[in-house]
Amino acid sequence: MKAIIQGLAAILAGLAVTCISQAAAQDAPAEPEAVVEGLVEQDGAAPQAVAPRQQAIQPVLRIQVEGNQRVEADTILSYLLVRPGEIPDPRLINLSIQTLYGTNLFSDVRIAIDGPAMVVFVEENAIVNRVILEGNRAIADDKITEEIELQPRAIFTRARVQSDVQRILQVYRQSGRFAAQITPKIVELPQNRVDLVFEISEGPVTGVRRIAFLGNETYSDRELRGEIVTTEARWWRFFSSNDNYDPDRIEYDREQLRTFYNDRGYADFRVNSVVAELTPDQSAFYVTFNMEEGRRYQFGEITVETAIEDLNTDFLAAGLPTQEGQLYVGSLIEESVDQLTFAAGAAGYAFVDVNPRVSVNREDQTVDINFVINESPRVYIERIDIIGNTRTLDRVIRRELDIVEGDAFNQVLLNISESRVNRLGFFEEVSVEPIQGSRPDRAQVQVQVTEQPTGELAFGAGFSSTDAFLIDFSISERNLRGRGQFLRFRVSASSRRQQVDIRFTEPRFLDRNLAAGFDLFQVRSDFSREASFETESTGFSLRAGFPLTRAVQAGVSYTLRSDEVRAFQGSTASIERAAGSRVTSLFGYSLSWNRLDNPVEPRNGFRVAFNQDFAGFGGDVRYVRSELQAGIYRNVFRSDVVFSVTGETGYLFSWGGDTARINDRFFKGGNSFRGFETAGIGPRVVQRRATTEDNDDPFVSGDALGGNFYAIGAAELTFPLGLPEQYGIRGSLFTEVGTLGLLPDEDQIPDDGSADAVYTVDELAPRASAGLSVFWDSPFGPVRFDFAHAFVKEDYDRGRFFRFSTRTGF
């Protein structure tokens, strides 16, 4: 009853106030009064509501927008919480003002009530016309502009300017310039536009003058400095920026030190703090790492625990890199987790979670590890999704996968599939990842790819000590119409060789695992430096290749070409016999076994290749040519040092009464045998001369005739030269041995014994050379320098100590 009485009293009081207000309104003069004047923003603080002078009681009949220039009135009205026909509520008006401020489109917003109208006054923020950087010399404009928020045509606010100043300062601090100062300036333009100018005073580079370590007892300061990325500033380190102070790099160095000690048995190691003291002149930092080494541990008991019956825990534990009694190495724990995850995936359990439980026994200084493989059902693949292939057809990617829907999950096959898709060369990035399917025993495989350009219009120019100037023009497409087909048209020319060819390859002919293609070509070669003849070949070839196993490939080919040999005046009988035009009909096959980790720059693995060509089933020439190549590559000392042993041999014999012509024989030297000129070894026409005091050479070396047999082997050690990796400079030490010979009897010229006799020399004598090669991936193309000395050779061989070649595209 008491509550009812209180409610009636409140109603009566409200009616009384209403009557008094109406009476006051009738007595007051008719003058428009703004009852709500909006919010005011002061010094970047949050907008504050201005109290209304009078409570409006009549509904708003219309809403007017004033002051807008670029923003449409309807856009502004859409942010308001008061609509025509509603009684204006000061709280809703204040919220409307805050909402309009939140768009960052306006620097001032006011709302006023004028009788039945509500007027919204706005003042728009300026638009950024240009962002100008002045004074930046050490850092390029694009590196700064990609970090800041304000860009041309963006909304200008002072808060954004201050935020961008901090971003620019951060860019300079990351480059080691802690004394940098940024002064923003605003240039007002017509139509409410502004130019934003950042005046930059870069200041000196703030280097690291000294790096010290506290608490290190086992390893010296010098050894620890070699393990971190940050280096002390020295005058000769002008190619590196690692001697600049960078807080992010210091954090990375802390992790590097932890990894260094953990991998050497120190399981308790920690870095307590890193103190960086700036010198008073702000020119350098003194960096001190405060750390605790702790004691050295060994692996204790290593066990594997799982409820999955298909996994043999004893077998898994025996194959782990972490073994009892070995020195504790922290990184081996992560390797063991990866190995167990892979083993479970290979058994069909896709989503296992391997949890290493580490127990440190400080008394006996051992670390026990129990790898717990959580129980998981056997998984089957319910769907394969291909994402990101905007150009390449789905079937081009799917045919490279070793898995299909419905197969049992197998992590090994997933890894192989990812490698095969990546080897297509059509994508920048490839990832093949399993995700949880519709049920615990179902998985979906997502093949995520990022397309990259596969067409190329290239114009190349270069210079070499062999071919002098050379020009190369080509148009190629490695993924024709998204079908994975290859098409290339190429024209190349040098002082010694001119070539035009068209090549097409269908990698999956008739939707089978069979690559097929054709070539059309015309090649003209000038051998006037090596021998007195030139050749011109025109023809076509058909080819096909298919895999026998994952690492073994086979191929077959047929070539039909017309070869014309033109002998120069004064050439030998061997060359004169080969002169003229003949048709060559050639069947061939090839076998290759490739287990290299990288086909372009191998570091580990081996390769073996054998190919054989049969000429004579049609055409004018009859011979069998056989060649064998092999190579072994291994990392030594470190991952970027590679030792390789390679070798090749070839043999050509004629049949059916024919004799192989000079253009069909083997020529070696130059790039194929460093330390010698092109065609610098092997059978040759020579002229005897009398020995004089000025020249002890008994021969005048003449035309090279090539040979029917060769064998060349090489041992090479490739290594970085100590320069930053981005310069792309590598070196190698090598030695090569080999021989070339077996000239047909028809081309032999006997020695008549005269003082100036002209005759042929053909000895399968060994040759050997050794030297240094320098490879440079220069901005204008790859450059190679060879310095080689032939320390075993014949008197009539032609040596070459220095060779270089380069090529560029533009």
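Quick one: length gained pulling Asn594 to Lys143 fully straight, 0.36 nm per residue minus the C-alpha distance?
158.0 nm
Give the shape of segment 642-738 as rounded, prolate or oblate, defined through the alpha-carbon gyration tensor: a ≥ b ≥ c are the square roots of its eigenvalues, a/c under 1.5 means rounded, and otherwise the shape is prolate if a/b is larger than b/c and oblate if not.
The shape class here is oblate.
Per-residue counts of other Cβ atoms within 10 Å, averaged by peptide: what ranking do you get for 662-669, 89-96, highest first?
Values: 662-669: 24.0, 89-96: 18.0.
For the peptides 662-669, 89-96, the packing ranking is 662-669, 89-96.
Quick check: the angle from helix 158-174's long axis to the longest principal axis of the chain, C-alpha only, nearest 10 degrees?
Its long axis makes an angle of about 30 degrees.
Between Phe787 and Val758, what is the FRET efficiency for a Förster distance of 45 Å, r being their Cβ-Cβ separation, to the nearest 0.05? Numbers along the way, then the final one.
Details: r = 34 Å, r/R0 = 0.76.
Working from the Cβ atoms, E equals 0.85.
I need the GluC sites (Glu not before Pro) found in segment 348-406, filtered to DSSP loop residues with at most 10 other beta carbons within 10 Å of theirs. It would help to have the intermediate numbers written out before the result.
Details: sites: Glu363, Glu375, Glu382, Glu400, Glu405; in loops: Glu363, Glu375, Glu400, Glu405.
Taking segment 348-406 and a limit of 10 other Cβ atoms within 10 Å, the loop GluC sites (Glu not before Pro) found are Glu363.
Taking a probe of 1.4 angstrom, what is the accessible area of Tyr796 in Å², to the nearest 10?
Here the accessible area works out near 10 Å².
Could you tell me what a quarter of the Cα convex hull surface of segment 708-759 works out to, in nm² with one decimal place? It would help to have the intermediate numbers written out before the result.
Numbers: hull surface 28.8 nm².
For segment 708-759, the mean projected area of the Cα convex hull comes to 7.2 nm².
Based on the mean of other Cβ atoms within 10 Å per residue, sort peptides 187-197, 745-755 so the most packed one is first. Mind showing how you got there, number by number?
Working: 187-197: 14.0, 745-755: 11.5.
The most tightly packed comes first, giving 187-197, 745-755.
Rounded to the nearest 0.05, what FRET efficiency do Ser438 and Arg296 have when you use their Cβ-Cβ distance and R0 = 56 Å? Please report the intermediate quantities before stating the final value.
Values: r = 51 Å, r/R0 = 0.90.
Step by step, r from the Cβ atoms, then E = 0.65.
For Cα pairs less than 8 Å apart in space and 6+ apart in sequence, what is the mean separation divided by the residue count of segment 329-418, i.e. the relative contact order in percent? Each step should come with its number before you reach the end.
Details: 111 pairs, mean separation 26.9, N = 90.
That works out to 30 percent.
Taking the Cα-to-Cβ direction at Thr390 and at Val636 and moving 7 Å from each Cα, how far apart do the two end points lie in nm?
Using points 7 Å along Cα→Cβ, the separation is 4.8 nm.
By the gyration tensor of its Cα atoms, with a ≥ b ≥ c the square roots of the eigenvalues, what is the shape of segment 313-462: rounded for a/c under 1.5, prolate for a/b over b/c, or oblate? Walk me through the intermediate numbers first.
Numbers: a/c = 3.43, a/b = 1.70, b/c = 2.02.
Oblate is the answer for segment 313-462, as a/c is 1.5 or above yet b/c matches or exceeds a/b.
How many percent of the alpha carbon pairs in segment 54-100 exceed a separation of 11 Å? Don't skip to the answer; put the middle values down first.
Numbers: 747 of 1081 pairs.
Cα-Cα pairs in segment 54-100 separated by more than 11 Å: 69 percent.
In vacuo Debye scattering of segment 367-411, one point per C-alpha: log10 I(q)/I(0) at q = 0.19, 0.26, 0.31, 0.33 Å⁻¹?
Per q value, in the given order, log10 I(q)/I(0) is -0.73, -1.01, -1.17, -1.22.
Taking the alpha-carbon set of segment 281-380, what are its Rg and Dmax in Å?
Every Cα atom of segment 281-380 included, Rg and Dmax give 18.5, 68 Å.
Hey, any idea what Rg/Rh is for segment 277-330, computing Rh the Kirkwood way over Cα pairs? Can you show the working numbers first?
Working: Rg = 22.4 Å, Rh = 15.6 Å.
Using Cα coordinates only, the ratio equals 1.44.
Which listed residue (Trp235, Phe787, Gly215) has the Cα farthest towards the positive end of the charge dipole for the chain, taking +1 on Lys and Arg C-beta and -1 on Asp and Glu C-beta about the Cα centre?
Of the candidates, Phe787 comes out farthest on the positive side.
When you take every Cα atom in segment 198-260, what is the radius of gyration, and what is Dmax, the widest Cα pair distance, in Å?
Just the Cα atoms of segment 198-260 yield Rg and Dmax of 13.8, 50 Å.
Of Arg173, Arg661, which has the most accessible area and how do the rest follow, probe 1.4 Å?
Working: Arg173 90, Arg661 5 Å².
Result, largest first: Arg173, Arg661.
Would you compute the Debye intensity of segment 113-215 from its alpha-carbon atoms alone, equal scatterers and no solvent, and pass along log10 I(q)/I(0) at q = 0.18, 0.20, 0.23 Å⁻¹ to two decimals?
Log10 of I(q)/I(0), two decimals: -0.85, -0.98, -1.18.
In degrees, nearest 10, range 0 to 90: what is the angle between the Cα axis of helix 2-27 and the longest Cα principal axis of the chain?
Orientation of helix 2-27: about 90 degrees from the principal axis.
What distance in nm lies between label points placed 7 Å from Cα along the C-beta direction at Phe719 and Ile132?
Output for this residue pair reads 5.5 nm.
Semi-axes of the equivalent ellipsoid of segment 251-295: what are they in whole Å, largest first, if each equals the square root of 5 times a C-alpha gyration tensor eigenvalue?
Numbers: eigenvalues 146, 19, 7 Å².
Semi-axis lengths for segment 251-295 are 27, 10, 6 Å.
Between the alpha-carbon centers of segment 267-339 and segment 115-163, tell me the distance in whole angstrom.
Cα centroid to Cα centroid, the span is 48 Å.
With every protein chain kept in place and ligands, DNA and RNA left out, what is the accessible area per residue of segment 453-604? Probe 1.4 Å, answer in Å². Don't skip to the end; give the middle numbers.
Values: 8150 Å² over 152 residues.
Result: 54 Å² per residue.
Taking a cut-off of 15 Å, what percent of all Cα-Cα pairs in segment 100-154 are separated by more than that? Let's see the in-between values first.
Values: 960 of 1485 pairs.
Taking all Cα-Cα pairs of segment 100-154, the fraction more than 15 Å apart is 65 percent.
Working with all protein chains in place, sort Val358, Val372 by solvent-accessible area computed with a 1.4 Å probe, largest first.
On the way: Val358 75, Val372 15 Å².
Correct descending sequence by accessible area is Val358, Val372.
State, to one decimal in nm, how far the label point of Asn312 lies from the label point of Ala346, with both points 7 Å from Cα in the Cβ direction.
The answer from the label model is 1.3 nm.
How high is the FRET efficiency from Gln151 to Gln446, r the C-beta distance, R0 30 Å, rounded to 0.05?
Values: r = 34 Å, r/R0 = 1.14.
So, using R0 = 30 Å, E works out to roughly 0.30.
Taking all pairs of different Cα atoms in segment 517-564, averaging 1/r and flipping that mean, what Kirkwood radius in angstroms comes out?
Taking every pair of different Cα atoms in segment 517-564, averaging 1/r and inverting gives 13.0 Å.
Show the residues, 5+ positions off or on another chain, whose built amide H is closer than 5 Å to the amide H of Ile132.
Here the answer is Leu196, Val197, Phe198, since their amide H atoms fall under 5 Å of that of Ile132.
Between beta-carbons, use under 14 Å as the cut-off and find the net charge around Ala307, counting Lys and Arg +1, Asp and Glu -1. Walk me through the intermediate numbers first.
Details: positive: Arg378; negative: Glu305, Glu309, Asp310, Asp353, Glu375.
Net charge around Ala307: -4.
Pick out, from Leu721, Thr678, Gly580, the residue whose Cα sits farthest towards the positive end of the charge dipole of the chain, with +1 on the Cβ of Lys and Arg and -1 on the Cβ of Asp and Glu.
Value: Gly580.
With a ≥ b ≥ c the root eigenvalues of the C-alpha gyration tensor of segment 409-451, is it rounded (a/c under 1.5), prolate (a/b larger than b/c) or oblate? Kindly include the intermediate steps, with their values, before the conclusion.
Working: a/c = 4.71, a/b = 1.93, b/c = 2.44.
Oblate, because a/c is 1.5 or more while a/b does not exceed b/c.
Take the solvent-accessible surface of the protein heavy atoms, probe 1.4 Å, and return the percent of it on the chain that carbon and sulfur atoms account for.
Numbers: 22870 of 43190 Å².
The value for the chain is 53 percent carbon and sulfur by accessible area.
What three numbers, in Å, describe the spread of the alpha carbons of segment 227-323 along their principal axes, ordered from the longest?
Rounded to whole Å, the extents work out to 67, 29, 22 Å.
With a 1.4 Å probe and all protein chains kept in place, how do Arg784, Arg83 rank by accessible area, largest first? Working shown, then result.
On the way: Arg784 65, Arg83 100 Å².
From most accessible down to least: Arg83, Arg784.
Show me 701-714, 415-428, 219-232 ranked by packing, highest mean number of other Cβ atoms within 10 Å first. Show your work: numbers first, answer last.
Numbers: 701-714: 22.1, 415-428: 16.9, 219-232: 14.6.
Put in order of decreasing packing, that is 701-714, 415-428, 219-232.
Roughly speaking, what is the stretch gain from Phe610 to Val329, that is 0.36 nm per residue apart minus the C-alpha to C-alpha distance, in nm to one decimal? It would help to have the intermediate numbers written out before the result.
Working: separation 281, 0.36 × 281 = 101.16 nm, distance 4.43 nm.
So the chain would gain 96.7 nm between Phe610 and Val329.
Suppose the chain between Thr259 and Asp195 were pulled fully straight at 0.36 nm per residue; how much longer would it get relative to their current alpha carbon spacing? Can you show the working numbers first?
On the way: separation 64, 0.36 × 64 = 23.04 nm, distance 4.96 nm.
Result for the pair: 18.1 nm of gain on full extension.
Determine the per residue accessible area of segment 648-793 with all protein chains present and a 1.4 angstrom probe, expressed in square angstrom. Working shown, then result.
On the way: 6650 Å² over 146 residues.
It amounts to 46 Å² per residue over segment 648-793.
The values are calculated or read from the model by the stated rules, or taken from the named source; none is laboratory data. Keep in mind it's a predicted model, so treat the numbers as computed, not measured. Positions of Cβ are generated from backbone atoms using ideal geometry, with glycine treated the same way; all protein chains shown enter the neighbour counts. Only protein heavy atoms, including side chains, enter the accessible area calculation; ligands, DNA and RNA are left aside. Shrake-Rupley method; radii C 1.70, N 1.55, O 1.52, S 1.80 Å.
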